[in-house]
Amino acid sequence: MNLILLGAPGAGKGTQAEIICEKLSIPAISTGNIIRAALKNGTEMGLKAKSFIDAGALVPDDVVIGIIKERLAEDDCKGGFILDGFPRTIPQAEALDEMGVQIDKVIEIYVPDEKIVKRMSGRRVCKACGASYHTEYKKPAKEGICNVCGEELVIRADDHPDTVLERLKVYHDQTEPLKDYYAKQNKLSVVEGQEEVADTTALTLKALEE
């Protein structure tokens, strides 16, 4: 089965990708990971990407698509795959179609913006050992102090409410239109993200069977 997972930042899409990957024994392909692998392996598209990264520029669509194409041609994708983080835009989805890549199912993990802001802005990370906490869901024994090493907990720049809202805006503007794109192909299922990961997983696995 060839799958695409959609979801706003903080909706838990990556966790679901890992679970489906294990359940179906197919690779979960994250754009960031495969770009890093292409750079490391020095593939033709990896070298092209490096020239943009070294210049501090965004890697353009045609290069990202080329890297995806290289990755999907590998043997472990013959039985199916999960695309996580690609496509991000309608032109990328169209390019995927033009490559002849058959997508069987597209699942969006949906969580309302206000819940995402609450989830992400409540995250705290130990600046020394990297242990993670949450002001509501996973509180440290002593407020602001890491249980593991006793160092101070901080909020990452990515988790600041203003940053989260900006990332959500980009998602709604650029990626959310993909829902209509795939709904018109009768490939879209929407799963409402739950508070418990296991509950979201149950709904995701059920959507795969529809």
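Scanning the stretch 34-72 for residues that are among the small types (Gly, Ala, Ser) and surrounded by fewer than 17 Cβ atoms within 10 Å (Cβ to Cβ) yields 37, 42, 51, 55, 56, 57.
Can you tell me which residue in the stretch 150-159 is nearest to residue 10 (Cα to Cα), limited to those that are open to solvent by less than 80 Å² (accessible area, probe 1.4 Å) and in a loop (DSSP other than H, G, I, E, B)? Out of the qualifying residues, it is 155. State whether the residues of the stretch 122-131 include one that is open to solvent by 30 Å² or more (accessible area, probe 1.4 Å) and part of a helix (DSSP H, G or I). No - not one qualifying residue is present in the stretch 122-131. Evaluating residue 112 against the criteria (1) open to solvent by less than 50 Å² (accessible area, probe 1.4 Å); (2) touching a residue at least 12 places away in the same chain (Cβ under 8 Å); (3) over 30 Å from residue 95 (Cβ atoms) leaves one unmet condition, (2).
A quick yes/no check of all residues on (1) basic (Lys, Arg); (2) under 18 Å from the mean Cα position of the chain (by Cα); (3) surrounded by 13 or more Cβ atoms within 10 Å (Cβ to Cβ):
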{"residue": "98", "(1), (2), (3)": "no, no, no"}
{"residue": "107", "(1), (2), (3)": "no, yes, yes"}
{"residue": "118", "(1), (2), (3)": "yes, no, yes"}
{"residue": "162", "(1), (2), (3)": "no, no, no"}
{"residue": "169", "(1), (2), (3)": "yes, yes, no"}
{"residue": "184", "(1), (2), (3)": "yes, no, no"}
{"residue": "190", "(1), (2), (3)": "no, yes, yes"}
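Scanning the stretch 192-210 for residues that are open to solvent by less than 90 Å² (accessible area, probe 1.4 Å) and free of Cβ contacts under 8 Å to residues at least 12 places away in the same chain yields 194, 198, 199, 202. Using the structure shown, decide if residue 17 is on the phi < 0 side of the Ramachandran plot, touching a strand residue (DSSP E or B) at 6+ places or on another chain (Cβ under 7 Å), modelled with pLDDT of 90 or more and surrounded by 13 or more Cβ atoms within 10 Å (Cβ to Cβ). Yes. With respect to the conditions (1) in a strand (DSSP E or B); (2) modelled with pLDDT of 95 or more, residue 147 falls short on a single one, namely (1).
The values are calculated or read from the model by the stated rules, or taken from the named source; none is laboratory data. What you see is a predicted model; the values in this text were computed from it and never measured. Glycine also receives a Cβ, built like all others from the backbone with ideal geometry; neighbour counts cover every protein chain displayed. Protein only, heavy atoms only, side chains kept; ligands, DNA and RNA dropped before computing areas. Shrake-Rupley method; radii C 1.70, N 1.55, O 1.52, S 1.80 Å.
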